[in-house]
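The values are calculated or read from the model by the stated rules, or taken from the named source; none is laboratory data. Keep in mind that what you see is a predicted model, and the values were worked out from it rather than measured. When we count neighbours, we look across all protein chains shown, and the Cβ atoms used for this are built from the backbone with ideal geometry, even at glycine.
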Amino acid sequence: MEKGYIIAVDGPSGAGKSAVSQKLAEKLGYLYLDTGAMYRAAGLKALRQKLDLDDPEALKTIAPGLEIKLEQDRGGLKVLLDGEDVSEEIRRPEMGMAASKVSRHLAIRQRLWELQRRLGEPGGVVAEGRDVGTVVFPRADFKFFVTASPEERAGRRYRELKAKGFAVDFDSILQEVSARDAQDSSRELAPLKSADDAILVDTTELSLEQVVERILQVIKERSSLE
Ligand code: DC
C-alpha cells in the first residue's frame, strides 16, 4: 500500500482495541496512536495536582499546557507526560476511571484533539480510542468499531491486571467496565459511539490474530478497489 492511510479503531474499554491496533500498526509499519493513553496521562496530571476531576474550571488550569508524547519503544508504547515516562503509572487500575472523568471536559478534549490531529493528520497511522472515527478524524480512510460482550471484556481486563500483579476481583472489574461504558457513552461531548460508516467487529469469539487478519482483509480489499 503506497498511501499512508488514517485507520480509526474505536470501541469500549477492554474490547481488545489496543492489542489489535498495536499489531495492525506494526504490520503496516504505521504509527500507533493510543488516544486513551493521552486521556490517562491527563487524568494522572489532574490527580497529582489534587484537582477535582468533576470541576471544569479546575481542569482548564492544566489543559492548555498539557504536553503528552507517544514514542514507539521495543517494549511497547512509551507515554511521556511533561517529559516524564508515565507508561506504567497510567495503567494502574484506577486510572481508567480518572481518564474517563477528565475526558468529559471540553478544555481537556480540545487540547488532546489538537495533539492527536498533529500526530495523525500526515497519515500512516492507526488511531485508537472512543471518538477517533466520529470526531478526531471524521474523514479517516478506514473506520472500525471493535467490541465484545461486557463479560468477555471484563475477563480480559481481569487477566491482564492479574498478570501484572494487581490484586483484582472479577465482579468489581465487571462493574467498572459497565460504569465506564455508561459514562463514556452518555457524555455530551464526543461520546463513545460507532461512526455511521464504521465496520463493526465483534471480537467476543475471536483471537487477536483473527481480528487483525479480518481488519487487514477489509483494508486490502477496499484499497484494491481504489
Ligand atoms: O482506552 P482507555 O481505557 O485507555 O481509555 C481511558 C478513558 O479515556 C476512557 O474510558 C474514556 C477516555 N477516552 C476518550 O474519552 N476518548 C478517547 N478517544 C479515548 C479515551
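At a glance:
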{"read-out": "Criterion violated by E176 - all others in (1) surrounded by 20 or more Cβ atoms within 10 Å (Cβ to Cβ); (2) without any contact (Cβ under 8 Å) to a residue 40 or more places away in the chain satisfied", "value": "(2)"}
{"read-out": "Residue identified as at pLDDT 95 or above and not acidic (D, E) among V136, V177", "value": "V136"}
{"read-out": "Check on E26, in a helix (DSSP H, G or I), closer than 20 Å to L119 by Cα and either over 19 Å from the mean Cα position of the chain (by Cα) or free of Cβ contacts under 8 Å to residues at least 12 places away in the same chain (or both)", "value": "yes"}
{"read-out": "A15 farther than 21 Å from R118 by Cα, within 12 Å of the ligand (Cβ to nearest atom) and either surrounded by 15 or more Cβ atoms within 10 Å (Cβ to Cβ) or under 14 Å from the mean Cα position of the chain (by Cα) (or both)", "value": "yes"}
{"read-out": "L77 being closer than 20 Å to A15 by Cβ and either within 13 Å of the ligand (Cβ to nearest atom) or of a type in the set (D, E) (or both)", "value": "yes"}
{"read-out": "Test: residue in segment 93-102 that is farther than 21 Å from L51 by Cα and either surrounded by fewer than 20 Cβ atoms within 10 Å (Cβ to Cβ) or within 13 Å of the ligand (Cβ to nearest atom) (or both)", "value": "no"}
{"read-out": "Odd one out for S207, checked against (1) surrounded by fewer than 17 Cβ atoms within 10 Å (Cβ to Cβ); (2) in contact with an Asp or Glu (Cβ under 9 Å, 6 or more places away or on another chain); (3) under 17 Å from Q22 (Cα atoms)", "value": "(2)"}
{"read-out": "Index of the failed condition, G29 passing every other in (1) at positive phi; (2) crowded, with 24+ Cβ neighbours inside 10 Å; (3) more than 11 Å from the ligand (Cβ to nearest atom)", "value": "(2)"}
{"read-out": "Looking only at segment 112-138, and only at residues there that are without any contact (Cβ under 8 Å) to a residue 60 or more places away in the chain and more than 16 Å from Y32 (Cα to Cα), the one that is nearest to the chain's Cα centre (by Cα)", "value": "V135"}
{"read-out": "Some residue of segment 50-71 being farther than 25 Å from S185 by Cα and part of a helix (DSSP H, G or I)", "value": "no"}
